[in-house]
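K.L.:
Structure in structure tokens, see below.
The values are calculated or read from the model by the stated rules, or taken from the named source; none is laboratory data. Predicted model only: the values in this text are computed from it and were never measured. Quick reminder, even Gly has a Cβ in these numbers, built from the backbone with ideal geometry, and neighbours come from all protein chains shown. Surface accessibility is based on the protein's heavy atoms, side chains included, excluding ligands, DNA and RNA. Shrake-Rupley method; radii C 1.70, N 1.55, O 1.52, S 1.80 Å.
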Amino acid sequence: MLQLRGDSGPRWIAVLLLWAALCCLFVPAVTVKHENFKTCDQSGFCKRNRQFADAAAATSSWASPYTVDPATITFKDGELHATVLKTLQIGQEKVELPLTVTFLDSGVARVTLDEARRLKGDITLRHDSKARKERYNEAGKWALVGGLKVADGAALSETADEGYTKVFYGEGSKHQAVIRHAPFGIEFQRDGETQVKFNERGLLNLEHWRPKTEKPAEEKREGEEETKEEEKKEEIAGEDESTWWDESFGGATDSKPRGPEAIALDITFPGYDHVFGIPEHATGLSLKTTRGGDGAYSEPYRLYNADVFEYEMDSPMTLYGAIPFMQAHRKGSTVGVFWLNAAETWIDVVKAKSSANPLALGVKSHTDTQTHWISESGQLDVFVFLGPTPQDLTRQYGELTGYTAMPQSFAIAYHQCRWNYVTDEDVKDVDRKFDKHKIPYDVIWLDIEYTQEKKYFTWDPLTFVNPDKMGKQLDKSDRKLVVIIDPHIKNTDNYPVIDELKKKDLAVKNKEGNQYEGWCWPGSSMWIDCFNPAAISWWKGLFKYDSFKGTLPNTFIWNDMNEPSVFNGPETTMPKDNIHFGGWEHRDVHNLNGMTFHNATYQAIAERKKGELRRPFVLTRSFYSGSQRSAAMWTGDNLAEWSHLEASLPMILNQGISGFPFAGADVGGFFGNPSKELLTRWYQAGIYYPFFRGHAHIDTRRREPYIPGAPYTEIITQALRLRYQLLPVWYTAFREAHTTGAPIVRPNFYVHPEDERGFAVDDQLYIGSTGLLAKPVTKEGATSVDVYLADDQPYYDYFDYTRYQGAGTHTVSAPLEKIPLLMQGGHIIPRRDRPRRSSGLMKFDPFTLVVVLDKENAAKGELYLDDGETFDYEAGAYIHRRFAFDGKRSILTSTNAVPLGAKFTAKLEAYLKSMSKVRVEKVIIVGAPKAWKDKTEVVVMEEGAKESARRKTVAMEFHAGSGKQADWAIVRDPKVGIGRGWKIDFS
Ligand code: NOJ
């Protein structure tokens, strides 16, 4: 026992106190369990390819061992075919790799490279594996839906240099692919300038098949010295055999029956300093370098969909979804690549700076972004986009993988979730409380506890006694219910769903070919294999109203855990040697898995009842390129911490430019209890998430918006009302995303692609094309924010019209009750100002138009509306108006944004009729010219109105702003129809 002697007492106490203080400083933070997830070094193929890259960099005479055999080159109908030969150092044997370069009508080029021997199935598998022998080549079947029309105009250049094949393609033949034969490489040029380079650094590495040879032990002993030297060389060249075969991690062994089969390539963007994309990572928008150094990551960005528990901030670690689409941006140009591969993938990013050459005039300093893509298996399949604008990129990527589904209007309103609302009475009570506090919401959610013992498609008979009644109460105020259905099916007795899954043989198989069993929420479970068309058909049947009893037309679905999450699996997912339909290993298709599942659910909801043609709503956690066609996503299990609120903005912005913009983060933070301030600020930020849902872990305290009390509840309510007021803006932005691929919330670089200073700005966002610029508060105790303005237009505070002008940073006051939101001059913003309980109840509400004048006193804007529910919009049943304020003539007009002409259908007629009474009830002009100060009326003209109403005068009020506040004018109730053509003359 510790004896304290007389005078030593106080000193010991001081030491103890210091110790206690230090302990407080280092309270173990809630953090990800790194040991559960591989680093590149622990992932054989990643390690080998990084070694390969290091060897190439270290060798001045490095020569990539890949050449095009010129005798094999053919070019026909926009497609080039050739054989690439890989020369092996040992024995000079050559491996044949069929190459295809396809030039698409859209100006995009596609490059595929495969391995002849595996294609023919001429390999032997180890461990009696039942897997397919080819490299996986079906990712396109799931990800691509269009844009594959081959270009008629692509042509071989007649002036090809020896050793090169050149193809002109793209509009006006502006694009050129320069294929170098030895070593093999491609440069993609636009207007004669190289934008993207393949294999410039010689890192192309297609690990060809080879049998495992057991080396006799004596041989090794005899030439020990020599062997070591040899081994060293092999290691340097990335041929380190130690990771070729069976690989173990965290107690699980991957049998790797096909041996090493990685595919890797370096892709350089010369002159580009910024690259964006490749979600999902908790990182900033502009991707960092990954090979060490100041502020850099030391690991590559990883894409291997996984249930990463308590994920960390500012990390290239993998998360739940994967979109292997990267964009490089510089002033005047945006280009990109889409790496169509569904296997585990790592991407190194290096920014190679070259300084200006003082001796060579005109040689400026510049940065090349060098990337290195490494996938575990599958064929090489890469699309190259040459822009030149960010809008071209999102459109062309969308043409290939599909645009965002048009959601039902409720889906873009507010969703209230927690794990869990515990009974049907609880749900009804929450519903009533929202009404009591006059807080709008549209959807309430049920997490896994609603089921009977985690058996999906059942209700707990003790707690959800009358789901039908619950659903009907919600429907009274046009509200919806979302229930969770996960892909793991409880492996238990007396559960027809598992019985059928087994009997029909629709589950994923293990490497022996038996139905795979693992562990998830229900305990022992099996996983539906949605790669199997028969499994999809069966899945669809389970959602029919008479099968999933208690569900109603206002019930929708949440698909969680679909990476898939397997609690006892390697890296909390499935073993890579599991087998899917078609004989593909899980390794080949892993990143697609989540999408196949939510696609199946989407189809199921679309077909619940014959003739019920409503747009489904499905939320997914795991995703891949193409997920945008059938689901919304959220960023998974974040923490109730300020840093997670902050990270949500770049993550959601990144989703937007990566083609999957219907994205959100758990408002309030999933784990932990947010302070009232954090919760409030999170709602004020969450109103800018395209998918807006509050959610919380089962161990957290209740935190519905009415819980925190004054002044927080009022402030949160105001935020929610702002979301509801701007729903027309959000819906119009969704329409744009649905038809052009444009993001719903947009980063600075996307809106101002010429503004170099703003390329990395990722903490503020523009909503659609409206010029609304939001800068959420993400710092504790903050009372102001610095908003970055890229241009010289006037920007106005949304609430009080304070004017900010001049490119650069402006401080906007933001006490807790204030949401920093500016309006860029030059836009017309449609809103609905009447507070209602749900968005459905706003369907026939009148509109307010806020006309925000630019420097030339002009403005324009759009409004898209449809029934918000059915697919009738596909038959033209919508209103799409274009508003314009002509600054010279001072006339505001409403015209059709798209010609009705051929699209004038019976459905459109019926829709217009249903909307005929919906009018504009207010027009506000922000930045109104001083010359209007004595004006008291405007002239309104409406087409199609009764003669008496066709031309009328309506009162106008002019308000002189005080201080920095802009002048503004208001026309109350011009009574013009929202679906009609009209003019308001302010001159
Ligand atoms: C994990 C999800 O990320 C979380 O949102 C959900 O509440 C739990 N699973 C329980 O279903």
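K.L.:
Would you be able to tell me the number of residues in the stretch 463-487 that are charged (D, E, K, R) and closer than 27 Å to S524 by Cβ? Can you show your working first?
P.N.:
Going residue by residue through the stretch 463-487, those that are charged (D, E, K, R) are 468-469, 472, 475-476, 478-480, 486.
Within this subset, residues satisfying the condition of being closer than 27 Å to S524 by Cβ are 486.
Number satisfying all stated conditions: 1.
K.L.:
Please find, among K174, K141, the residue that is surrounded by fewer than 16 Cβ atoms within 10 Å (Cβ to Cβ), in contact with a strand residue (DSSP E or B) (Cβ under 7 Å, 6 or more places away or on another chain) and farther than 24 Å from L88 by Cβ. Don't jump to the end; show me each part of the working.
P.N.:
Numbers: K141 fails: in contact with a strand residue (DSSP E or B) (Cβ under 7 Å, 6 or more places away or on another chain).
Criteria check complete, one pass: K174.
K.L.:
With the structure loaded, tell me whether I716 is at pLDDT 95 or above and open to solvent by less than 20 Å² (accessible area, probe 1.4 Å) or whether it fails that test.
P.N.:
Details: at pLDDT 95 or above: yes; open to solvent by less than 20 Å² (accessible area, probe 1.4 Å): yes.
Against the criterion (at pLDDT 95 or above and open to solvent by less than 20 Å² (accessible area, probe 1.4 Å)), I716 qualifies.
K.L.:
Looking at the structure I just gave you, is L841 in the same structural domain as A966 (by TED's automatic domain parsing) and either surrounded by 20 or more Cβ atoms within 10 Å (Cβ to Cβ) or in contact with a helix residue (DSSP H, G or I) (Cβ under 9 Å, 6 or more places away or on another chain) (or both)? Walk me through it before giving the result.
P.N.:
Details: in the same structural domain as A966 (by TED's automatic domain parsing): yes; either surrounded by 20 or more Cβ atoms within 10 Å (Cβ to Cβ) or in contact with a helix residue (DSSP H, G or I) (Cβ under 9 Å, 6 or more places away or on another chain) (or both): no.
Answer is no for this residue.
K.L.:
With E869, E921 as the choices, which residue is open to solvent by less than 50 Å² (accessible area, probe 1.4 Å), of a type outside the set (S, T, Y) and in contact (Cβ under 8 Å) with a residue 12 or more places away in the chain?
P.N.:
Among E869, E921, only E921 is open to solvent by less than 50 Å² (accessible area, probe 1.4 Å), of a type outside the set (S, T, Y) and in contact (Cβ under 8 Å) with a residue 12 or more places away in the chain.
K.L.:
Can you confirm whether the stretch 638-658 contains a residue that is within 16 Å of the ligand (Cβ to nearest atom), in a loop (DSSP other than H, G, I, E, B) and either touching a residue at least 12 places away in the same chain (Cβ under 8 Å) or not assigned by TED's automatic domain parsing to the domain that holds K775 (or both)?
P.N.:
Checked against the condition, which is being within 16 Å of the ligand (Cβ to nearest atom), in a loop (DSSP other than H, G, I, E, B) and either touching a residue at least 12 places away in the same chain (Cβ under 8 Å) or not assigned by TED's automatic domain parsing to the domain that holds K775 (or both), the stretch 638-658 yields at least one hit.
K.L.:
Among the residues of the stretch 482-493, are any free of Cβ contacts under 8 Å to residues at least 24 places away in the same chain, more than 16 Å from the ligand (Cβ to nearest atom) and within 25 Å of N514 (Cα to Cα)? It would help to see each step written out before you state the result.
P.N.:
Pass one, the stretch 482-493, residues free of Cβ contacts under 8 Å to residues at least 24 places away in the same chain: 493.
Remaining after also requiring more than 16 Å from the ligand (Cβ to nearest atom): 493.
Remaining after also requiring within 25 Å of N514 (Cα to Cα): 493.
Yes, the conditions are met somewhere in the stretch 482-493.
K.L.:
For the stretch 475-512, which positions are assigned to a helix (DSSP H, G or I) and within 26 Å of C417 (Cβ to Cβ)? Break it down into steps so the answer makes sense when it comes.
P.N.:
If we filter the stretch 475-512 for residues that are assigned to a helix (DSSP H, G or I), which is where we start, we get 475-476, 496-503.
The answer is D475, K476, V497.
K.L.:
Within the stretch 896-913, identify whether any single residue is in contact (Cβ under 8 Å) with a residue 60 or more places away in the chain, assigned to a helix (DSSP H, G or I) and buried (at least 16 other Cβ atoms within 10 Å of the Cβ), and answer yes or no.
P.N.:
Applying the first criterion (in contact (Cβ under 8 Å) with a residue 60 or more places away in the chain) to the stretch 896-913 yields 896, 912.
This time we only want the ones that are assigned to a helix (DSSP H, G or I), so: 912.
Okay, now just the ones that are also buried (at least 16 other Cβ atoms within 10 Å of the Cβ), so 912.
Scanning the stretch 896-913, I find at least one residue that is in contact (Cβ under 8 Å) with a residue 60 or more places away in the chain, assigned to a helix (DSSP H, G or I) and buried (at least 16 other Cβ atoms within 10 Å of the Cβ), so the answer is yes.
K.L.:
Hey, another quick one. If the requirement is being among the hydrophobic types (A, V, I, L, M, F, W, C), within 33 Å of the chain's Cα centre (by Cα) and not assigned by TED's automatic domain parsing to the domain that holds Q603, which of these qualifies: I444, I489?
P.N.:
Values: I489 fails: not assigned by TED's automatic domain parsing to the domain that holds Q603.
On inspection, the qualifying residue turns out to be I444.
K.L.:
Please work out which one of (1) under 33 Å from the mean Cα position of the chain (by Cα); (2) open to solvent by 40 Å² or more (accessible area, probe 1.4 Å); (3) within 22 Å of A604 (Cβ to Cβ) is the condition P496 fails and give its number.
P.N.:
With respect to (1) under 33 Å from the mean Cα position of the chain (by Cα); (2) open to solvent by 40 Å² or more (accessible area, probe 1.4 Å); (3) within 22 Å of A604 (Cβ to Cβ), P496 is out only on (1).
K.L.:
Go through the stretch 673-726 and give me each residue that's more than 16 Å from the ligand (Cβ to nearest atom) and closer than 25 Å to Q628 by Cβ.
P.N.:
A685, I687, Y688, P690, R723, Y724, L726 - these are the residues of the stretch 673-726 that are more than 16 Å from the ligand (Cβ to nearest atom) and closer than 25 Å to Q628 by Cβ.
K.L.:
Which one of these does D348 not meet: (1) away from the ligand (no atom under 16 Å from the Cβ); (2) over 17 Å from Y272 (Cβ atoms)?
P.N.:
The one condition D348 does not meet is (2).
One line per residue, one yes/no per condition, for (1) touching a residue at least 60 places away in the same chain (Cβ under 8 Å); (2) surrounded by fewer than 24 Cβ atoms within 10 Å (Cβ to Cβ); (3) assigned by TED's automatic domain parsing to the domain that holds Q189:
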site: F276; (1), (2), (3): yes, no, yes
site: E280; (1), (2), (3): yes, no, yes
site: L287; (1), (2), (3): yes, no, yes
site: R291; (1), (2), (3): no, yes, yes
site: D294; (1), (2), (3): no, yes, yes
site: G332; (1), (2), (3): yes, yes, yes
site: V337; (1), (2), (3): yes, no, yes
site: K351; (1), (2), (3): yes, yes, yes
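K.L.:
Could I ask something else about it? From the residues in the stretch 410-428 that are part of a helix (DSSP H, G or I) and of a type outside the set (D, E), which one is farthest from A632 (Cα to Cα)?
P.N.:
As a first pass, look at the stretch 410-428 and keep what is part of a helix (DSSP H, G or I): 410-412, 424-428.
Retained after the next criterion (residues that are of a type outside the set (D, E)): 410-412, 427-428.
On the way: F410: 13, A411: 9, I412: 10, V427: 23, K428: 26 Å.
Across the stretch 410-428, the extreme among qualifying residues is K428.
K.L.:
Let me ask something else. Among the residues of the stretch 424-447, are any modelled with pLDDT of 95 or more, within 15 Å of the ligand (Cβ to nearest atom), basic (K, R) and open to solvent by 10 Å² or more (accessible area, probe 1.4 Å)?
P.N.:
There is no residue in the stretch 424-447 that is modelled with pLDDT of 95 or more, within 15 Å of the ligand (Cβ to nearest atom), basic (K, R) and open to solvent by 10 Å² or more (accessible area, probe 1.4 Å).
K.L.:
Residues being under 40 Å from the mean Cα position of the chain (by Cα) and farther than 13 Å from R950 by Cα: count how many of those fall in the stretch 971-987.
P.N.:
Residues in the stretch 971-987 being under 40 Å from the mean Cα position of the chain (by Cα) and farther than 13 Å from R950 by Cα: 2 in total.
K.L.:
Can we say F670 is within 26 Å of K480 (Cβ to Cβ), within 16 Å of the ligand (Cβ to nearest atom) and over 14 Å from the mean Cα position of the chain (by Cα)?
P.N.:
On the way: within 26 Å of K480 (Cβ to Cβ): yes; within 16 Å of the ligand (Cβ to nearest atom): yes; over 14 Å from the mean Cα position of the chain (by Cα): yes.
The answer is yes for F670.
K.L.:
Quick one: in the stretch 805-838, of everything that is more than 26 Å from Y414 (Cβ to Cβ) and either touching a Phe, Trp or Tyr at 6+ places or on another chain (Cβ under 6 Å) or without any contact (Cβ under 8 Å) to a residue 12 or more places away in the chain (or both), which residue is least open to solvent (accessible area, probe 1.4 Å)?
P.N.:
Taking the candidates together, the pick is H810.
K.L.:
Working only within the stretch 748-804, note down all residues that are open to solvent by 50 Å² or more (accessible area, probe 1.4 Å) and basic (K, R).
P.N.:
R757, K779, R803
K.L.:
Do you know which of the residues in the stretch 376-407 that are open to solvent by 10 Å² or more (accessible area, probe 1.4 Å) and touching an Asp or Glu at 6+ places or on another chain (Cβ under 7 Å) is nearest to T112 (Cα to Cα)?
P.N.:
Q379
K.L.:
May I ask you to list pairs of residues, at least six apart or on different chains, whose Cβ atoms are under 8 Å apart, with the first in the stretch 239-253 being within 15 Å of G569 (Cβ to Cβ) and the second being among the polar types (S, T, N, Q) and modelled with pLDDT under 95?
P.N.:
Correct list of pairs: G250/N36.
K.L.:
Follow-up question, since we're still on this one. Restricting attention to the stretch 928-971, which residues are assigned to a helix (DSSP H, G or I) and of a type in the set (S, T, N, Q)? Explain how you work it out, then say what you get.
P.N.:
Of the residues in the stretch 928-971, the ones assigned to a helix (DSSP H, G or I) are 930-932, 947-950.
Residue satisfying the conditions is S948 alone.
K.L.:
Considering only residues that are open to solvent by less than 10 Å² (accessible area, probe 1.4 Å) and within 13 Å of the ligand (Cβ to nearest atom), look in the stretch 628-637 and name the one that is farthest from the chain's Cα centre (by Cα).
P.N.:
Among residues in the stretch 628-637 that are open to solvent by less than 10 Å² (accessible area, probe 1.4 Å) and within 13 Å of the ligand (Cβ to nearest atom), the one farthest from the chain's Cα centre (by Cα) is G636.
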